[in-house]
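Trainee: Supplied in structure tokens, the structure appears directly below.
The values are calculated or read from the model by the stated rules, or taken from the named source; none is laboratory data. Values in this document were obtained by computation on a predicted structure and should not be read as measured data. We place every Cβ from the backbone using ideal geometry, glycine too, and count neighbours over all the protein chains shown. In case anyone asks, the SASA skips ligands and DNA or RNA and just uses the protein heavy atoms, side chains included. Shrake-Rupley method; radii C 1.70, N 1.55, O 1.52, S 1.80 Å.
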Amino acid sequence: MRKQVKNNVSWVGYIDWELETFHGDDYSILNGSSQNAYLVEEEKTVLIDTVWTPHRFDFVENLKKEIDLKKIDYIIANHGECDHSGALTALMAEIPETPIYCTAQAVKSIEGQYGKRGWNFNVVKTGDTLEIGNGKKLVFVEMKMLHWPDSMATYMTGDNILFSNDAFGQHFAVEELFNDKANQCLLYKEAIKYYTNILNPFSPLVAKKLVEIEGMNLQFDIIAPSHGAIWRDNPLQIVKKYAEWANAYQENQITVIYDTMWEGTTKIAHRIAEEIHKQSPDTVVKVFSISKADKNEIMTEVFKSKAIALGSPTVSNSILSSVAGWLEFAKQLKFKNKRAAAFGCYGWSGESVKILQERLRDAGFEVIDENIRSLWNPEESDLAAVPALVEKLV
Ligand code: FEO
């Protein structure tokens, strides 16, 4: 069922209440999501993006109830990833001649995924425009590496709507569609989680792109991303947030993260957390067990932190595999401007702290020398080093 966005622009996407994970199992979905597609009905009829592959037949059937598919003059594919291009095969089976406007990289991505089917691609670059009648046009803006090489945004003049694709999105199901109707805590929780886990590796490009878009002197009445709520109430609020998030973001928070075998490393984690609060009562302290907490939620808390403490016991001359995997993910996310300390228990060889320090450094953290390395269970004599470690972190 279509939902009006503004004037002749409608939402025709899919609200994915059941979705539990995204990018395989690499991104947890806790509050549903959506794949937003848009129908523009001016003198020309334009479809902007589609939905994820499993929903392709429903998408086409629903679209048929709204419009004669043959009336679609142009399809805009802002991004080739299958959560937005996944219905193209079903749609193009019905209207094979309809031109698809996208970047050169998107042609490669779409043909790479679905094969060369002879579709009528029209390659566009930043600044290219497409007249859609009634005095309105679409302006294309390449969004390279935000977050794929093919990513693009489309701006509609007249109604001043930026169809931003993944940028400014959230994995968040909002039946009411708009940001002012959404639960504000969840909206921002999901927006920052999305930024952390999808866009943070590309923060330097985000910062540059925001400056470039600002230089285009466009007015934004609505920012319509391809996931989650549409920003119609003060849409620039999310642009301002992105400008903050893209600039080595941190809050007055320290996050303690660990895994444990027999709870010795847990005891150190909790003592560090207590000491942070004691030394700096205004600092927000959060503690997560890597094997019990959601990794994307932990990463979001790391993104908000000025420092972290990471713990693992020594196992087979190394660290727990859960912590090793976590470190690999942290490295991918390219956090900036964050200090880190290492801690852990051991029974005999005791390499974990040194390995944690090396891998934290490799992941881009500023690692402090102070550490807690405790033989068997931590005694008060081991924990006596906690205040000095915390002093460096706060
Ligand atoms: Fe929402 Fe990059 O796909």
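Trainee: Would it be correct to say that F335 is within 24 Å of H23 (Cβ to Cβ) and out of contact with any Lys or Arg (no Cβ under 7 Å at 6 or more places or on another chain)?
Mentor: On the way: within 24 Å of H23 (Cβ to Cβ): yes; out of contact with any Lys or Arg (no Cβ under 7 Å at 6 or more places or on another chain): yes.
In short, yes.
Trainee: Residue by residue through the stretch 9-49, note down the ones that are in a loop (DSSP other than H, G, I, E, B), under 22 Å from K136 (Cβ atoms) and either without any contact (Cβ under 8 Å) to a residue 60 or more places away in the chain or not polar (S, T, N, Q) (or both).
Mentor: V12, G13, A37, E42, E43, K44, D49
Trainee: Quick check on my filter: what residues within the stretch 168-199 are in contact with a Phe, Trp or Tyr (Cβ under 7 Å, 6 or more places away or on another chain) and within 14 Å of the ligand (Cβ to nearest atom)?
Mentor: Matches in the stretch 168-199: F168, G169, Q170, H171, E190, Y195, N197.
Trainee: Also: So if I check each of N31, N62, N78, which one is open to solvent by 30 Å² or more (accessible area, probe 1.4 Å), under 24 Å from the mean Cα position of the chain (by Cα) and either assigned by TED's automatic domain parsing to the domain that holds R232 or closer than 26 Å to D159 by Cβ (or both)?
Mentor: Going through N31, N62, N78 in turn, the sole match is N31.
Trainee: Any idea which residue in the stretch 149-167 is farthest from the ligand (Cβ to nearest atom), counting only those that are touching a Leu at 6+ places or on another chain (Cβ under 9 Å) and over 15 Å from L199 (Cβ atoms)?
Mentor: My answer is T157.
Trainee: Of the residues that sit in the stretch 214-273 and are over 30 Å from A342 (Cβ atoms), touching a residue at least 60 places away in the same chain (Cβ under 8 Å) and charged (D, E, K, R), which one is farthest from the ligand (Cβ to nearest atom)?
Mentor: D221
Every residue, every condition in (1) in contact (Cβ under 8 Å) with a residue 60 or more places away in the chain; (2) outside any helix (DSSP H, G or I), yes or no:
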| residue | (1), (2) |
| --- | --- |
| S322 | yes, no |
| L327 | no, no |
| K331 | no, no |
| C345 | yes, yes |
| K354 | no, no |
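Trainee: Looking at the stretch 30-47, can you tell me whether even one residue there is under 13 Å from I67 (Cα atoms) and touching a helix residue (DSSP H, G or I) at 6+ places or on another chain (Cβ under 6 Å)?
Mentor: Yes, the stretch 30-47 contains at least one residue that is under 13 Å from I67 (Cα atoms) and touching a helix residue (DSSP H, G or I) at 6+ places or on another chain (Cβ under 6 Å).
Trainee: Mind checking which residues of the stretch 81-92 are part of a loop (DSSP other than H, G, I, E, B) and open to solvent by 10 Å² or more (accessible area, probe 1.4 Å)?
Mentor: E81
Trainee: Given the condition assigned to a strand (DSSP E or B) and within 16 Å of the ligand (Cβ to nearest atom), answer yes or no: does some residue in the stretch 93-108 qualify? Lay out the reasoning, then the answer.
Mentor: Here is the first cut: in the stretch 93-108, the residues assigned to a strand (DSSP E or B) are 100-102.
Imposing the further condition that a residue be within 16 Å of the ligand (Cβ to nearest atom) reduces the set to 102.
So far as the stretch 93-108 goes, yes, one or more of its residues are assigned to a strand (DSSP E or B) and within 16 Å of the ligand (Cβ to nearest atom).
Trainee: Can you pull out the residues in the stretch 361-394 that are among the polar types (S, T, N, Q) and either out of contact with any Cys (no Cβ under 6 Å at 6 or more places or on another chain) or not assigned by TED's automatic domain parsing to the domain that holds C345 (or both)?
Mentor: First, the residues of the stretch 361-394 that are among the polar types (S, T, N, Q): 371, 374, 377, 381.
Those that are among the polar types (S, T, N, Q) and either out of contact with any Cys (no Cβ under 6 Å at 6 or more places or on another chain) or not assigned by TED's automatic domain parsing to the domain that holds C345 (or both): N371, N377, S381.
Trainee: Limited to the stretch 177-206, what total is found for residues that are open to solvent by less than 60 Å² (accessible area, probe 1.4 Å), free of Cβ contacts under 8 Å to residues at least 60 places away in the same chain and within 20 Å of G364 (Cβ to Cβ)? Lay out the reasoning, then the answer.
Mentor: Looking only at the stretch 177-206, we keep the residues that are open to solvent by less than 60 Å² (accessible area, probe 1.4 Å), and these are 177-179, 182, 186-188, 190-203, 206.
Next, only the ones that are free of Cβ contacts under 8 Å to residues at least 60 places away in the same chain stay: 178-179, 182, 187-188, 191, 194, 199, 202.
If we keep only those that are within 20 Å of G364 (Cβ to Cβ) too, we end up with 199, 202.
Counting residues in the stretch 177-206 that are open to solvent by less than 60 Å² (accessible area, probe 1.4 Å), free of Cβ contacts under 8 Å to residues at least 60 places away in the same chain and within 20 Å of G364 (Cβ to Cβ) gives 2.
Trainee: Scan (1) surrounded by 20 or more Cβ atoms within 10 Å (Cβ to Cβ); (2) farther than 17 Å from I161 by Cβ; (3) not aromatic (F, W, Y) for the single condition I67 breaks and write down its number.
Mentor: Here I67 clears every test but (1).
Trainee: Would you please list the contacts, defined by Cβ atoms under 6 Å and residues six or more apart or on different chains, that run from a residue in the stretch 72-87 that is farther than 17 Å from H55 by Cβ to a residue that is open to solvent by less than 10 Å² (accessible area, probe 1.4 Å) and near the ligand (Cβ under 8 Å from one of its atoms)?
Mentor: N78/N165
Trainee: Another question, if that's okay. Of all residues in the stretch 359-374, count the ones that are open to solvent by 40 Å² or more (accessible area, probe 1.4 Å), within 17 Å of Y258 (Cβ to Cβ) and part of a helix (DSSP H, G or I).
Mentor: Residues in the stretch 359-374 being open to solvent by 40 Å² or more (accessible area, probe 1.4 Å), within 17 Å of Y258 (Cβ to Cβ) and part of a helix (DSSP H, G or I): 1 in total.
Trainee: Could you say whether any residue in the stretch 253-264 is in a helix (DSSP H, G or I) and under 21 Å from A385 (Cα atoms)?
Mentor: Scanning the stretch 253-264 turns up at least one residue that is in a helix (DSSP H, G or I) and under 21 Å from A385 (Cα atoms).
Trainee: Determine whether the stretch 295-305 contains at least one residue that is polar (S, T, N, Q), over 22 Å from the mean Cα position of the chain (by Cα), farther than 19 Å from L383 by Cα and part of a helix (DSSP H, G or I).
Mentor: No, the stretch 295-305 contains no residue that is polar (S, T, N, Q), over 22 Å from the mean Cα position of the chain (by Cα), farther than 19 Å from L383 by Cα and part of a helix (DSSP H, G or I).
Trainee: G112 fails exactly one of the following numbered conditions: (1) more than 13 Å from the ligand (Cβ to nearest atom); (2) among the small types (G, A, S); (3) under 14 Å from S226 (Cα atoms). What is the number of that condition?
Mentor: For G112, the failing item is (3).
Trainee: Residues in the stretch 265-291 that are part of a strand (DSSP E or B) and either surrounded by 18 or more Cβ atoms within 10 Å (Cβ to Cβ) or not polar (S, T, N, Q) (or both): how many?
Mentor: Final tally of qualifying residues: 5.
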